[in-house]
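The values are calculated or read from the model by the stated rules, or taken from the named source; none is laboratory data. Being a predicted model, the structure only gives us computed values, none of them experimental. Cβ placement follows ideal geometry from the backbone for every residue including glycine, while neighbour counts extend to all protein chains displayed. Quick note on the areas: whole protein, heavy atoms, side chains included, nothing else; ligands and nucleic acids left out. Shrake-Rupley method; radii C 1.70, N 1.55, O 1.52, S 1.80 Å.
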Amino acid sequence: MAKSALLLVLCLVVVSFHGSAANRQDRQLDECQLRSINAREPDDKIECEAGLVETWNPNHDQFQCAGVAVIRRTIQPKGLRLPIYSNAPTLVYIVQGRGMYGVMLPGCPETFQESQQSRGSMEDQDQHQQIRRFRQGDIIALPAGVAHWGYNDGNEDVVAVSVLDTANGANQLDNMPRHFYLAGNLEDDFRKHYQQQGKRPLFPSPRYSSRGRQSEKSSCNNLFCGMDSKMIAEAFNIDEQLARKLQSQNDFRGGIVRVEEQLQVVRPPRTQQEMQQMEREQCRPGGGCVANGAEETYCSMRLKENIADPSRADIYVPEVGRVSTVNGHNLPILQSIRMSASHVVLHCDAMRMPHWHLHAHSIMYCVEGQARVQIVDENGKSMFDGTFRKGQVLTVPQNFVVMKQAESERFEYVAFKTSAYTMTTDLAGRTSAFRAMPVEVIANAFQMSVEDAMKIKYGREETTLGMSRRQQSRRISNLAAAAVATIAEVATSV
């Protein structure tokens, strides 16, 4: 029985590894010859009417190696992120704020409908696909090619960091991150980086008509700009003047626009909707959420999971920190887009044990605080040894060893992974590679005594997260001070 269980686990590991590696290997054979890795700030920003779009240059070696692109959007209150879709699966982490979003899943019915009393006649009633809510700490999964929009209906800015997995098998174009705009007349988020590098995308701009002449409005970027207004009118059964409005030729508001009044959509009251969602997503402690099988269909599948909530932590040590993970097990859509994420909080001087990812790159975004991070490659070379600060992005390639130690009172980061089932191996601690080795192997491998090998193997009892020596000294001092105070209080009362 034990042998069968072991074989099953090994099969799952092999299948998971093969599926994730085969999906990406043909795109990155020569992309990971890295000389160093750097913690990077955004390279470019685009100001919009109601927000800001910041991008990291995807041509940096570490992003080319991981096959990803990173973008950060700030949406002001009453700001609407215009509908777009991209050529790559995307994970979005909500750093701050709350709001609503819509994902236009192909072939799904319009399940949100206005009542006849609200609009009067049947012709005036609006109906659309499901409106979903997001809040701080949410991870949102967006499949490649699926259009979506977002709106800030709160009182503070929404800050969202997105990672596009351009090396994913779902992207059949080149590795250039591409956004396809359904509305607006806005500057492309990433094209400037490719122009600066002198790279020519597979399908370059400006657009040309089938007759070989350049479009009259080459600066117009939404999808309707390349279409003839008469054909648009025929397709939508509208007049040509209205069709031209879809081309947004005189719209210079950018990709995030301001809604003068609150956005009016069909949705349940906010509190009622959130209560219904909590009932549907019955979370088990440390075990993710279980959705109602009848509701977890393609059209109503869950697209998000909150990983910043302390109550759903997978690993929790009060004085040290916590780790929460979302993957293909607790958010099934990640099985198809082949991505996952983790959220980590470390207290001052606490450590995330040295470890490596078996079959995924990790793209870290620092949410709060700072930490010292070390990354080492296969040659034992230090690729990064420095401070990782709030707002920066740092890439850890597959199998590179990484170690982190908090330098602020609270260090918080989210890590985006390029596999739906990311597995890690620790170098130190109770579940580490050293614990799995016989002590004689360690002693002979490092030319040391068995006694010293025992110290290395059993010197750390924690798993994943650990206290530093400074933390342990402070804890002992605090316990001693508390004991002295207790004795003094007892002596005074006597």
Legend entry - When the convex hull of its Cα atoms is projected in every direction, mean area for region 423-462 (nm²): 2.7 nm²
Inset, instruction - Report, to the nearest whole %, how much of the accessible area of region 328-406 belongs to carbon and sulfur atoms, 1.4 Å probe, protein only. - result: 45 percent
Legend entry - Equivalent ellipsoid dimensions for region 353-471 as semi-axes, Å, which come from the Cα gyration tensor, largest first: 27, 17, 13
Inset, instruction - Provide the per-residue ³J(HN,Hα) series for region 250-261, in order, calculated from phi with Karplus coefficients 6.51, -1.76, 1.60 and θ = phi - 60°, each as a whole number of Hz, with x at glycine and proline positions. - result: 10, 9, 10, 7, x, x, 10, 10, 9, 8, 5, 9
Inset, instruction - Scan around Asp44 for amide H atoms under 5 Å from its own, H built in the peptide plane at 1.01 Å from N, and keep only partners 5 or more places away or cross-chain. - result: Thr55
Inset, instruction - Determine the gain in length on full extension of the stretch Arg244-Thr297; use 0.36 nm per residue of separation and subtract their C-alpha separation, reporting nm with one decimal. - result: 15.3 nm
Legend entry - Charge dipole (region 289-387, unit charges on Cβ, about Cα centre) - positive-most of Pro318, Leu331, Met353: Leu331
Inset, instruction - Arrange the residues Asp314, Asp426 by how much accessible surface each exposes, largest first, with a 1.4 angstrom probe. - result: Asp314, Asp426
Legend entry - ³J(HN,Hα), Karplus 6.51/-1.76/1.60, whole Hz, each residue of region 446-451, x for Gly, Pro: 10, 6, 9, 6, 4, 4
Inset, instruction - For Asn221, list long-range residues whose amide hydrogen, built 1.01 Å from N in the peptide plane, is under 5 Å from its own amide hydrogen. - result: Leu186
Legend entry - Cβ-defined net charge surrounding Lys245, 11 Å radius [Lys, Arg +1; Asp, Glu -1]: -2
Legend entry - Dipole magnitude (debye, nearest 20) for region 42-86, charges at Cβ of Lys, Arg, Asp, Glu: 280 debye
Legend entry - Solvent-accessible heavy-atom area per residue, rounded to whole Å², over region 146-188 at 1.4 Å: 29 Å²
Inset, instruction - Provide the per-residue ³J(HN,Hα) series for region 369-376, in order, calculated from phi with Karplus coefficients 6.51, -1.76, 1.60 and θ = phi - 60°, each as a whole number of Hz, with x at glycine and proline positions. - result: x, 7, 8, 7, 10, 10, 10, 10
Inset, instruction - Search the structure for amide H atoms under 5 Å from the amide H of His361, placed 1.01 Å from N in the peptide plane, and list their residues when 5 or more places away or on another chain. - result: Gln398, Thr418
Legend entry - Efficiency of FRET from Cβ geometry, Glu234 and Asp44, R₀ 51 Å, rounded to 0.05: 0.85
Legend entry - Solvent-accessible heavy-atom area per residue, rounded to whole Å², over region 305-440 at 1.4 Å: 36 Å²
